[in-house]
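Okay, structure first, notes after.
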């Protein structure tokens with residue numbers, strides 16, 4: 001069982017500055033530590049139990065959004081409707097096809113705007129056991145990953161409008 005973590009928002013200038021900083025990769029030792037396993041539980045618990053001002057459930061959540069500069073985020077898997085972690089993620093664009101869809105963000109309450117994202121990507125990442133994964137994502141999940149990956153790079157979705 002995890003606990004709800006505080007979501008940083010652009011409404012607070014110090015928090016916005018924090019959100020715009022690049023996150024650091026984690027070592028295998030850090031990933032496997034009790035401290036980080038507890039943090040992963042809390043991040044997932046927060047993602048599952050928080051809703052936007054508009055009443056939407058979260059589609060993803062990055063560590064930086066809860067005050068930690070770790071290259072860690074979770075996304076909602078479309079098929080299982082459960083969240084999974086991506087640690088030290090890297091993404092590769094697989095083709096130039098893009099789509100424009102509305103996005104929102106827990107860190108930018110009350111704002112939804114259309115954003116152009118690539119439709120097909122390959123992500124390389126570690127899971128919470130430190131195992132390397134490499135997988136192709138399309139459409140909705142590709143969009144989620146790009147949004148959350150941007151958080152690890154200090155980029156907010158409103159920067160992409």
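No value in this document is a laboratory result; all are computed from the given coordinates. This is a predicted model, so every value here is computed, not measured. A quick note on method: Cβ atoms are made from the backbone with ideal geometry, for glycine too, and the neighbour counts reach across all protein chains shown.
Quick check: the distance between the Cα centres of the range 50-108 and the range 119-149, to the nearest angstrom?
10 Å
Please report the projected area of the chain's Cα convex hull averaged over all directions, in nm². Don't jump to the answer; show the numbers that get you there.
Values: hull surface 35.3 nm².
Averaged projected hull area, Cα only: 8.8 nm².
Listing 45, 137, 73 from the residue with the fewest other Cβ atoms within 10 Å to the one with the most, what is the order? Display every interim value, and only then the final one.
On the way: 45 16, 137 22, 73 28.
Listing 45, 137, 73 from fewest to most nearby Cβ atoms yields 45, 137, 73.
With a ≥ b ≥ c the root eigenvalues of the C-alpha gyration tensor of the range 62-112, is it rounded (a/c under 1.5), prolate (a/b larger than b/c) or oblate? Kindly include the intermediate steps, with their values, before the conclusion.
Working: a/c = 1.43, a/b = 1.12, b/c = 1.27.
The shape class here is rounded.
What residues from the range 52-74 fall in the zone where the backbone N is under 19 Å from a label point 7 Å along the Cα-to-C-beta line of residue 102?
Label zone hits: 52-60.
If we count other beta carbons within 10 Å of each Cβ, what is the order of 150, 159, fewest first?
Values: 150 20, 159 10.
The fewest-first ordering by Cβ neighbours comes to 159, 150.
At what distance in nm do the modelled label points of residue 3 and residue 90 sit from each other, each positioned 7 Å from its Cα along Cα→Cβ?
It works out to 3.6 nm between the two label points.
By counting other Cβ atoms within 10 Å of each Cβ, how are 43, 85 ranked from fewest to most? Please list the in-between numbers first.
On the way: 43 25, 85 20.
Taking fewest neighbouring Cβ atoms as first place, the list is 85, 43.
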